[in-house]
Amino acid sequence: QVHSVDSGGGLVQAGGSLRLSCAASGRSGRTYAMGWFRQSPGKERAFVAAINLNGDRTEYADSVKGRFTLSRGNAKNTVYLQMNSLKSEDTAVYYCGVLTGSNQYSPNDYKYWGQGTQVTVSS
């Protein structure tokens, strides 16, 4: 069983920055590809960013390219989402998950979601 914990959300003004953290732990000792999604009320969970096992390949949603950076930390299965130049439309609950399928853009191919962290950007 894998358990993920995400954190770092908060209230920030438009143009500001936040850094989200996610740590996934499990008995297997494996390294996991991981991703971030976000969800606003009444909307489906949407892809934000993903990172591969080695941390040398990342993918981003078009809406966050150039503003968000996903990286791996020194601790195994710890990832950080640096969010800069935040906009009001970035307001959502952000979830990290472990990629268990083949489509890194689909929430259906992720498991072991964190509990979610609220990001609110005021304009």
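Only lysine pairs 8 or more places apart, or on different chains, with alpha-carbon atoms under 25 angstrom apart are counted in the chain, and they number 6. Rolling a 1.4 angstrom probe over the stretch 1-67 with all protein chains present gives an accessible area of which 44% lies on carbon and sulfur atoms.
Model label sites at SER25 and ASN108, defined 7 Å from Cα along the beta-carbon direction, differ in position by 3.3 nm.
Can you give the alpha-carbon Rg of the stretch 1-77 over 2.2 N^0.38 Å, where N counts its residues?
Rounded to two decimals, the normalised Rg is 1.19.
Between THR100 and TYR110, LYS111, the built amide H atoms are under 5 Å apart, and every one of these is 5 or more places off in sequence or on another chain. Computed over neighbours whose Cβ is under 12 Å from that of ASP6, the net charge equals +2, Lys and Arg +1, Asp and Glu -1. Solvent exposure of the chain amounts to 54 Å² per residue of accessible area, where only protein heavy atoms count and the probe is 1.4 Å. If we count every other residue with Cβ under 12 angstrom of ARG67's Cβ, Lys/Arg +1 and Asp/Glu -1, where does the sum land? Cβ neighbours under 12 Å give a net charge of -1.
The values are calculated or read from the model by the stated rules, or taken from the named source; none is laboratory data. In this text, all values refer to a predicted model and were calculated from it rather than measured experimentally. Cβ atoms come from the backbone with ideal geometry, glycine included; neighbour counts cover every protein chain shown. Areas reflect the complete protein model, heavy atoms only, side chains present, ligands, DNA and RNA absent. Shrake-Rupley method; radii C 1.70, N 1.55, O 1.52, S 1.80 Å.
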